[in-house]
Amino acid sequence: MLTIGEFARMTHLSVRTLRRYHEAGLLEPARVDPSSGYRYYDPAQIPGAQVIARLRELDVPLADVRQILLTQDPAARAARVAEHLHRLEDQLARTQAAVASLQRLLRPEPAGVAVELRQVPARLVAAVEATVAHADVLAWYAGAMAELDAVVREPVGPVGGLYDNALFTHGRGHVLVHVPISAPVPAVGRVRSVRLPEAELAVAVHAGAHDTIDVTYGELGRWVADHALAVAGPVRETYLAGPRDTPVAAHWRTEIGWPVFRVTGAV
């Protein structure tokens, strides 16, 4: 038998950590002296302790570590570990996106965004629309696009969306996603044929993942303010290339159209 101090040296786990693992039911000592309370470990417990240490290094919560250790089926155990690794990958991707945004924002002399003023004619689209909470937009969008894909077999242009100002200012607003069509489609489920009105837009293209699209929104908004253009109506997004086209986020291109009209005397 090994004392807790000896076991700590062999596993590189502190005595305090071993006590915490015992209390959490993760690593029970082989024996606890009933009179002194001293904990003793079997050398065969060393690999298990090291497995726990590795899982904790990956920030697996104690409760999840316990479930992994209690799972007898190797495939199910591997699936639990893989699930957590996917969560870590998502967190890493968000961290990298945040770092990229900060680097872009903290440049000494920002290059700015290329903006084009464009007159967009009225357009016939198949659309799904609803009032949606900002936190639910992605899930709602996925469902809406599934319905549109089932109805529109041959779109005549890229997918797009209209996003009401209230979605950003109040966290809930009107959203319309659409697919351009050459002729009206039958009303199926939530899908309807809609004619989008013509609009004058200040247009900029966001390159890359959508996690950093707020930076491009900010640059476009500043351009609008600097050029004395007043905003009217929902923002329009057109997905020139996105997750539906390529899994490589660096290749995504989102066109942001900010509805504007020229103020009298504007340059």
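The values are calculated or read from the model by the stated rules, or taken from the named source; none is laboratory data. Just so we're clear, the structure is a prediction, and the values are computed from it rather than from any experiment. Neighbour counts are summed over all protein chains in view; Cβ atoms, including those assigned to glycine, are modelled from backbone coordinates with ideal geometry. In case anyone asks, the SASA skips ligands and DNA or RNA and just uses the protein heavy atoms, side chains included. Shrake-Rupley method; radii C 1.70, N 1.55, O 1.52, S 1.80 Å.
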Residue in the range 76-86 that is in a loop (DSSP other than H, G, I, E, B), open to solvent by 70 Å² or more (accessible area, probe 1.4 Å) and of a type outside the set (Val, Ile, Thr) present: no
Residues that are surrounded by 15 or more Cβ atoms within 10 Å (Cβ to Cβ), part of a helix (DSSP H, G or I) and of a type in the set (D, E, K, R), drawn from the range 37-68: Arg56, Asp64, Arg66
First in the range 130-146 and open to solvent by less than 50 Å² (accessible area, probe 1.4 Å), second anywhere and in a helix (DSSP H, G or I), Cβ under 6 Å, 6 or more apart: Val132/Trp140
Test: residue in the range 234-244 that is loosely packed, with under 14 Cβ neighbours inside 10 Å, farther than 18 Å from Ala142 by Cα and modelled with pLDDT under 95: no
Flag if Leu55 is more than 30 Å from Ala250 (Cβ to Cβ) and at pLDDT below 90: yes
So Ile52, is it more than 19 Å from Ala63 (Cα to Cα) and of a type in the set (Val, Ile, Thr): no
Which listed residue, of Pro34, Pro29, is modelled with pLDDT of 90 or more, open to solvent by less than 70 Å² (accessible area, probe 1.4 Å) and farther than 26 Å from Glu89 by Cβ: Pro29
Residue check for Ala8: surrounded by 17 or more Cβ atoms within 10 Å (Cβ to Cβ), over 37 Å from the mean Cα position of the chain (by Cα) and outside any loop (DSSP other than H, G, I, E, B): yes
Tally, over the range 42-67, of residues that are among the aliphatic types (A, V, I, L, M) and closer than 18 Å to Glu89 by Cβ: 3
Tally, over the range 138-182, of residues that are closer than 20 Å to Val120 by Cα and among the aromatic types (Phe, Trp, Tyr): 1
